[in-house]
Amino acid sequence: MHLCIFLGAFQLITDESRAGSCLWISNRRGMVYWPIPSEEAKYSLRSSTSSRSNKISFQAPLSSQLPQNFKKLVVHTCSQNFRDATHIISAPLRLPLESDQVLLKVIYAGVNAGDVNFSAGRYFQGTKKDPGFEAVGIITAIGDSVRNLEVGTPAAVMAIGCYAEFMKVPSKQILPIPRPDPEVVALLTSGLTASIALEELGQMKSGKVVLVTAAAGGTGQFAVQLAKLAGNKVVATCGGKEKARLLKEFGVDRVIDYKTEDIKTALKEFPKGVDIVYECVGGNMFNLCLNALAIRGRLIVIGMISQYQGKDGWKPLNYPGLVEKLLAKSQTV
């Protein structure tokens, strides 16, 4: 349901062209969007059904028109330099599918900070792995036992191997979506990470102080907006005037640009500390956030981007006295 709510909210706040359209969100059916005619005309529909029909089906290649080969990205050697670790290959498109599989023609794939960890072998042992964690596209073929999906249906997926023209996916991992828009990709890894982390781990309510580090990044942008929409005072760190301007447009109450001011000094503006930290940077930033955490505060470790590409790789750090520090203030990491 998290993703359905995000998709619905995104439609309502970002695309004025959908004014007057109907968006229905339910636990049973998820989200169904009925576009206005001017929007529907931008896409090639498989049939001349009314714009008020409950499904939008896009033109997908017939099985006889599918290519014999397709291009995809593979990791051929372990390296934190993603470009050096990967190359493009041509692979055979083997059909028929297994009975529970779906063939997805990828239209958009998402780029994530975790890609460098994947190529460095930090998630899996060995090479010859297919990178890419999220994508949207069109279903172009289905296995014999697949009953709840149709060819031509726009769909999203979170699975390994999304940096490819086509990918085979178990049908249970397919999420039907209204349209194959690039914005949907951002809602997957980045949007869901922010939603679940703040709601479930941070137990975010309203009236609190929420700190988001690397707030102009993919998941950070979602985190600051969600925290603000929930009625909290939002503090965000970033590097550079353009990023700071973007965060102010999102309604962030206090933007800390580490290129022009000292983060430790800026956080002293909150003498009672911050209640929730959405921490994406790691290293010294983690220490700063921990020291700024309020009594009974919660620090959520999302990532450690400052440590991913150092000369020594992702080197584990030691935090002597961490448990005692958390215990003294009933804090949680």
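Across segment 92-101, the qualifying residues are those that are out of contact with any Pro (no Cβ under 7 Å at 6 or more places or on another chain) and touching a residue at least 40 places away in the same chain (Cβ under 8 Å), and the one among them that is farthest from residue 146 (Cα to Cα) is 95. Among residues of segment 261-274 that are in the same structural domain as residue 299 (by TED's automatic domain parsing) and aromatic (Phe, Trp, Tyr), those with a beta-carbon under 9 Å from a residue that is part of a loop (DSSP other than H, G, I, E, B) and crowded, with 16+ Cβ neighbours inside 10 Å at least six positions away or on a different chain give the pairs 270/292.
Condition first: within 16 Å of residue 280 (Cβ to Cβ) and surrounded by fewer than 22 Cβ atoms within 10 Å (Cβ to Cβ). Now tell me which residues in segment 222-239 satisfy that. Spell out how you get there, then give the answer.
Step one: of segment 222-239, the residues within 16 Å of residue 280 (Cβ to Cβ) are 222-227, 234-239.
Selection gives 225, 239.
Okay, residues lined up against (1) more than 30 Å from residue 297 (Cβ to Cβ); (2) in contact (Cβ under 8 Å) with a residue 40 or more places away in the chain:
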| position | (1), (2) |
| --- | --- |
| 183 | yes, yes |
| 192 | no, yes |
| 207 | no, no |
| 212 | no, yes |
| 227 | no, yes |
| 237 | no, yes |
| 243 | no, no |
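Would you check if there is a residue in segment 308-326 being within 24 Å of the chain's Cα centre (by Cα) and crowded, with 18+ Cβ neighbours inside 10 Å? Yes: one or more hits. For the condition over 23 Å from residue 114 (Cβ atoms), over 19 Å from the mean Cα position of the chain (by Cα) and assigned by TED's automatic domain parsing to the domain that holds residue 98, residue 206 does not qualify.
Scanning segment 117-155 for residues that are outside any loop (DSSP other than H, G, I, E, B) and touching a Ser or Thr at 6+ places or on another chain (Cβ under 9 Å) turns up 119, 129, 134, 138, 139, 140, 141, 142, 154. Taken over segment 139-156, the criterion of being within 27 Å of residue 88 (Cβ to Cβ) and either surrounded by fewer than 17 Cβ atoms within 10 Å (Cβ to Cβ) or under 19 Å from the mean Cα position of the chain (by Cα) (or both) is satisfied by 154, 155, 156.
Within segment 84-138, being within 13 Å of residue 163 (Cα to Cα) and of a type in the set (D, E, K, R) holds for 105, 115, 129, 130, 134.
Let's see how each residue does on (1) crowded, with 20+ Cβ neighbours inside 10 Å; (2) assigned by TED's automatic domain parsing to the domain that holds residue 221; (3) within 20 Å of the chain's Cα centre (by Cα); (4) acidic (Asp, Glu):
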site: 86; (1), (2), (3), (4): yes, no, no, no
site: 89; (1), (2), (3), (4): no, no, no, no
site: 92; (1), (2), (3), (4): no, no, no, no
site: 100; (1), (2), (3), (4): no, no, no, yes
site: 108; (1), (2), (3), (4): no, no, yes, no
site: 111; (1), (2), (3), (4): no, no, yes, no
site: 133; (1), (2), (3), (4): yes, no, yes, no
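The residue that is farthest from residue 195 (Cα to Cα), among those in segment 304-333 that are in contact (Cβ under 8 Å) with a residue 40 or more places away in the chain and out of contact with any strand residue (DSSP E or B) (no Cβ under 8 Å at 6 or more places or on another chain), is 313.
Identify, please: which residue in segment 66-125 is modelled with pLDDT under 95 and basic (Lys, Arg) and is, among those, farthest from residue 152 (Cα to Cα)? Going through the qualifying residues, I end up with 122.
To keep it simple, each residue is scored yes or no on (1) of a type in the set (A, V, I, L, M, F, W, C); (2) touching a residue at least 40 places away in the same chain (Cβ under 8 Å).
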position	(1), (2)
147	no, no
165	no, yes
172	no, yes
198	yes, yes
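Taken residue by residue, segment 163-170 has at least one member that is within 20 Å of the chain's Cα centre (by Cα), among the aromatic types (Phe, Trp, Tyr) and crowded, with 20+ Cβ neighbours inside 10 Å.
Every residue in segment 63-116 that is of a type in the set (Lys, Arg) and not in a strand (DSSP E or B), please. Can you show your working first?
Step one: list which residues in segment 63-116 are of a type in the set (Lys, Arg), which gives 71-72, 83, 94, 105.
83, 94, listed by residue number.
Filtered by the rule that a residue be of a type in the set (D, E, K, R) and outside any strand (DSSP E or B), segment 156-193 gives 165, 172, 179, 181, 183.
The values are calculated or read from the model by the stated rules, or taken from the named source; none is laboratory data. Everything numeric here is computed off the predicted structure, so don't read it as measured data. Quick reminder, even Gly has a Cβ in these numbers, built from the backbone with ideal geometry, and neighbours come from all protein chains shown.
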